[in-house]
Amino acid sequence: KGEGLGNQFLSHIRETDAIVHVVRCFENTNIVHVDGSIDPLRDIETINYELIFSDLDILERRIAKVSRGARNDKALAKELTLLEGIKAHLEQSKPARSYEPEDDDMKAVRDYAAREGSEVFAVCAQIEEEISELDDDEKKEFLEDLGLKESGLDKLIKASYSLLGLISFLTAGPTETRAWTIRKGTKAPGAAGKIHSDFERGFIKAEVVYYQDLLDCGSYAAAKEKGLVGIEGKDYVVKDGDVILFRFNV
């Protein structure tokens with residue numbers, strides 16, 4: 001496939017620049033190479049050219065469509081300028097992922113945010129609306145098709161937590177898994193108190209495993225067998241993504 005130069009690319013031009021090249025670097029007389037010899041750098045260049053040609057084809061069709069309404073629509077006129085810039089970039093045999101758009105408005109917002117100690121990221125409202133109507137499996141597939149790892153809403157939550165100095169830890173049981181929000185730097189007893197004051201008052205220890213390790217192992221018992229569950233005391237600083245079982249006595 002090309003590098004995603006349709007409507008979605010316009011909204012995510014800096015977020016779809018992850019591409020995997022699989023090239024052959026080994027000799028094997030039983031496997032014939034299409035070009036008759038092994039040259040991975042040549043193969044990478046060939047792939048890049050194929051992507052460029054594919055993107056040019058998509059761009060030309062989009063430009064033809066946008067051009068019809070650009071005279072009377074400022075948004076379409078701006079899109080047309082961007083499309084033509086990308087097209088010129090591709091015609092110089094440069095891949096779309098290396099194109100740097102000139103967006104004065106976005107640069108001004110980023111400069112202002114930097115002065116204010118804030119964060120900035122782009123969100124396409126139309127895509128977020130479509131995502132909100134999908135179930136979890138459809139959402140994952142939709143994001144993968146766009147070359148995205150997470151939605152704009154997920155980014156907003158992470159950025160908000162970062163600015164506020166917050167993290168989340170989890171508790172898990174047979175019937176419920178729950179996330180608890182605490183301040184970054186909170187020690188284990190304070191995190192226990194987030195659940196119930198008795199947990200903090202009678203804190204003894206905390207059994208801690210990182211959530212990804214728990215998912216990879218499939219169960220708490222399996223994670224414990226592999227030595228991935230740590231026994232932590234009152235001075236343990238809770239980390240984002242910790243799954244914690246608190247031991248207490250009151």
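The values are calculated or read from the model by the stated rules, or taken from the named source; none is laboratory data. Source: prediction; values computed, not measured. Cβ atoms come from the backbone with ideal geometry, glycine included; neighbour counts cover every protein chain shown. Accessible surface areas use protein heavy atoms only, side chains included; no ligands, DNA or RNA. Shrake-Rupley method; radii C 1.70, N 1.55, O 1.52, S 1.80 Å.
Taking region 74-116 as the range and being open to solvent by 50 Å² or more (accessible area, probe 1.4 Å), at pLDDT 85 or above and either in contact with a Ser or Thr (Cβ under 7 Å, 6 or more places away or on another chain) or not in a helix (DSSP H, G or I) (or both) as the test, the residues that pass are Glu91, Gln92, Ser93, Lys94.
In this structure, is Ala206 among the small types (Gly, Ala, Ser) and part of a strand (DSSP E or B)? The answer is yes for Ala206.
Here Ala191 meets each of (1) free of Cβ contacts under 8 Å to residues at least 40 places away in the same chain; (2) in a helix (DSSP H, G or I) with one exception, condition (1). For region 199-220, filtered to residues that are open to solvent by less than 60 Å² (accessible area, probe 1.4 Å) and of a type in the set (A, V, I, L, M), the residue that is farthest from Arg183 (Cα to Cα) is Leu214. Quick test of your reading of the structure: Asp136 fulfils all but one of (1) more than 23 Å from the chain's Cα centre (by Cα); (2) open to solvent by 90 Å² or more (accessible area, probe 1.4 Å). Name the failing condition by number. Here Asp136 clears every test but (1).
Contact map, region 158-183: first residue open to solvent by 100 Å² or more (accessible area, probe 1.4 Å), second residue of a type in the set (A, V, I, L, M, F, W, C) and assigned to a strand (DSSP E or B), Cβ cut-off under 7 Å, separation 6 or more or different chains; pairs are Arg178/Leu170; Arg183/Leu166.
Of the residues in region 227-235, not one is of a type in the set (Lys, Arg), closer than 22 Å to Leu166 by Cβ, open to solvent by 40 Å² or more (accessible area, probe 1.4 Å) and under 29 Å from the mean Cα position of the chain (by Cα). Residues in region 31-73 that are buried (at least 17 other Cβ atoms within 10 Å of the Cβ) and over 32 Å from the mean Cα position of the chain (by Cα): 1 in all.
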